[in-house]
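A short worksheet on the structure shown next.
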Amino acid sequence: MSGYARRPEWLKLTPLNPAIVDRMRALTRDLKLHTVCDSARCPNRTRCFGRQTAAFIILGETCTRHCAFCAMKSGRPGPPDPQEGEHIVDAVTRLELRYVVVTSVTRDDLTDGGASQFAQVISAIHEYDADIPVEVLVPDFGGSFPALQTVAEASPAVLNHNVETVPRLYPEVRPQAKYERSLELLKRAKLLNSNLLTKSGFMLGLGETRQEIIRLMEDLKGTGCDLLTIGQYLQPSLKHREVARFLNPEEFAEYEKLGEQLGFRRVASGPLVRSSFHASEMFL
Ligand code: SF4
């Protein structure tokens, strides 16, 4: 099948509202910041930016990895910006944010994978207002336990790490990642700080089977994971992996129910659900 797969009715998106999107872009440009919302071409930007929420990406926009589903640029990243924490606090102030999501590309080029930058940003926000919960969506830090410890000790409210897909598809979809390593990260985060809410997410429509999805959800619950997001994979460009299947909203509702039966505290499952979609509501 060449070209983009034809989208079903429930995935026919209303065009982005340029005024709302441009306003957020102007602000982030002004503050030398990027949002993963824009970099990953998230379909929910009008809604989230319209509500003055956004997920900030630190450590630049160039990833050292090349996942088959991801719109982020791959290559040799530049050095981290030592003032990133300040810039994010400026954005928090100007957007009057009461919940902040911070994520990053994977930085295999940095000794600690960028963990100290995450800690610096969390501390900067807490210095500004200790009551603002910070959710961090972290890479796997190459499996480094000290790196994970650095982030966990900075007391984020939620530590999120996406497993993205089922283990059988890792070689094609996330070749530089390891399924067991991702599960181990979530398990260790809970061991490091049992009050820390852990979260993970994956996409559907990459070629996984129902049995594999159920097994993945059981594995995640086995790590003590509290929050779960499940969304439909959408092909960012013709260079990226094709959509194998569009699941209908009823199937997402079924996985949401299954997730609750498995004991997750909150499950957000739907075609347009993304890692930080409704993030503050899920936390609250
Ligand atoms: S590691 Fe993350 S940011 Fe990098 S290509 Fe993969 S999904 Fe994208």
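The values are calculated or read from the model by the stated rules, or taken from the named source; none is laboratory data. All values reported here derive from a predicted model rather than from experimental measurement. Backbone-built Cβ (ideal geometry, glycine too); neighbour counts: all protein chains shown. SASA here: full protein model, heavy atoms, side chains in, ligands and nucleic acids out. Shrake-Rupley method; radii C 1.70, N 1.55, O 1.52, S 1.80 Å.
Numerical summary
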item: Fraction in percent of alpha-carbon pairs per bin - 10 Å, the chain; result: 6, 30, 39, 22, 3, 0
item: Kirkwood Rh (inverse of mean 1/r, distinct Cα pairs), the range 190-270, angstrom; result: 13.5 Å
item: Percent RCO, i.e. relative contact order, over the chain, from Cα pairs under 8 Å lying at least 6 residues apart; result: 16 percent
item: Exposure rank, largest accessible area first [Lys257, Lys199, Lys221; 1.4 Å]; result: Lys257, Lys221, Lys199
item: At most 16 other Cβ within 10 Å, DSSP loop - GluC sites (Glu not before Pro), the range 117-215; result: Glu153
item: Only Lys, Arg (+1) and Asp, Glu (-1) charged, at Cβ; the chain dipole about Cα centre in debye; result: 800 debye
item: Residue among Leu16, Leu137, Gln83 farthest towards the positive dipole end of the range 9-199, charges placed on Cβ; result: Leu16
item: Candidates Leu59, Leu159, Leu192, ranked by Gaussian network fluctuation over the chain, Cα under 10 Å, top entry; result: Leu192
item: Accessible surface, per residue, of the chain when the full set of protein chains is kept, probe 1.4 Å, Å²; result: 46 Å²
item: Ellipsoid semi-axes in whole angstrom, largest first, where each is sqrt(5λ) of the Cα gyration tensor of the range 153-198; result: 25, 9, 8
item: Volume in Å³ per residue [convex hull over Cα atoms, computed for the range 109-234]; result: 109 Å³
item: Alpha carbon Rg of the range 1-91, scaled by the compact-globule rule 2.2 N^0.38 Å; result: 1.25
